[in-house]
1. With an 8 Å Cα cut-off and a minimum separation of 6 or more residues, compute the relative contact order for the chain in percent.
2. Would you calculate a helix-derived [θ] at 222 nm for the chain, using -39,500 (n - 2.57) for each DSSP H run of n ≥ 4 and dividing by the full residue count, to the nearest 500?
3. At q = 0.10, 0.11 Å⁻¹, what is the log10 ratio I(q)/I(0) for segment 1-106, with the Debye formula run over Cα points and no solvent?
4. Taking amide H positions as placed in the peptide plane 1.01 Å from N, state which residues far from residue 14 in sequence (5 or more) or on other chains have amide H under 5 Å from it.
5. So with the 1.4 Å probe, I'd like the accessible area per residue for the chain, rounded to whole Å².
6. Hey, any idea what % of the chain's accessible area is carbon plus sulfur with a 1.4 Å probe?
7. Given labels modelled 7 Å from the Cα in the Cβ direction, how far is it in nm from residue 51 to residue 10?
Amino acid sequence: LQAALSEARSTNRSVWVINGGPGCGPCIRLARWVRQHADILEHYLRILKLTGGMDIDSRRIADELGGGQSGIPFHAIVNPDGDLLINSIGPLGNIGMPGSLEGLRHFRSMLNAAQQNLSDEQINQLLDSLKGDQSRARHLAYRRTK
């Protein structure tokens with residue numbers, strides 16, 4: 001975390017701390033989504049991925065950022081000094097891999113808090129990609145039940 005904060009200070013970015021687990025489906029989907037949109041996200045955010053059970057301080061860091069027993073994936077955005085700007089705990093709890101209407105609303109708030117230079121068009125593009133992913137996932141789940 002200290003190395004990520006140092007890099008964020010030198011590049012004038014915020015840090016997006018993502019705490020997940022190795023066998024967690026939503027964590028894997030979030031990691032894939034981040035990788036697909038790295039060209040936009042990494043321009044504004046220093047992304048720090050932590051994996052419970054593999055990164056010793058992952059639980060402590062999540063606790064310090066308000067994650068507590070929120071479940072995974074838990075994520076938070078901090079400024080280059082390490083001050084919490086916003087975390088994934090929305091009005092209905094942890095949004096995890098954003099997909100619900102309320103989750104997407106809170107994720108928009110997270111992106112807005114991340115960096116003022118992120119345009120509305122970029123935020124809309126990112127959110128639209130999440131809506132499409134969730135629609136496909138629901139469609140595939142429906143097809144499996146038939």
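The values are calculated or read from the model by the stated rules, or taken from the named source; none is laboratory data. A quick note: this is a predicted structure, and the numbers were derived from the prediction, not measured. Backbone-built Cβ (ideal geometry, glycine too); neighbour counts: all protein chains shown. All accessible areas refer to the heavy atoms of the entire protein, side chains included, with ligands and DNA or RNA removed. Shrake-Rupley method; radii C 1.70, N 1.55, O 1.52, S 1.80 Å.
1. Values: 203 pairs, mean separation 35.8, N = 146.
Here the relative contact order equals 25 percent.
2. Working: 6 runs with 76 residues, N = 146.
Computed mean residue ellipticity for the chain: -16500 deg cm²/dmol.
3. Treating every Cα as an identical point scatterer, log10 I(q)/I(0) equals -0.25, -0.30.
4. 46
5. Working: 8020 Å² over 146 residues.
Value returned for the chain: 55 Å² of accessible area per residue.
6. On the way: 3920 of 8020 Å².
In the chain, the share of accessible area belonging to carbon and sulfur is 49 percent.
7. Each label point is offset 7 Å from its Cα along the Cβ direction, giving 2.6 nm.
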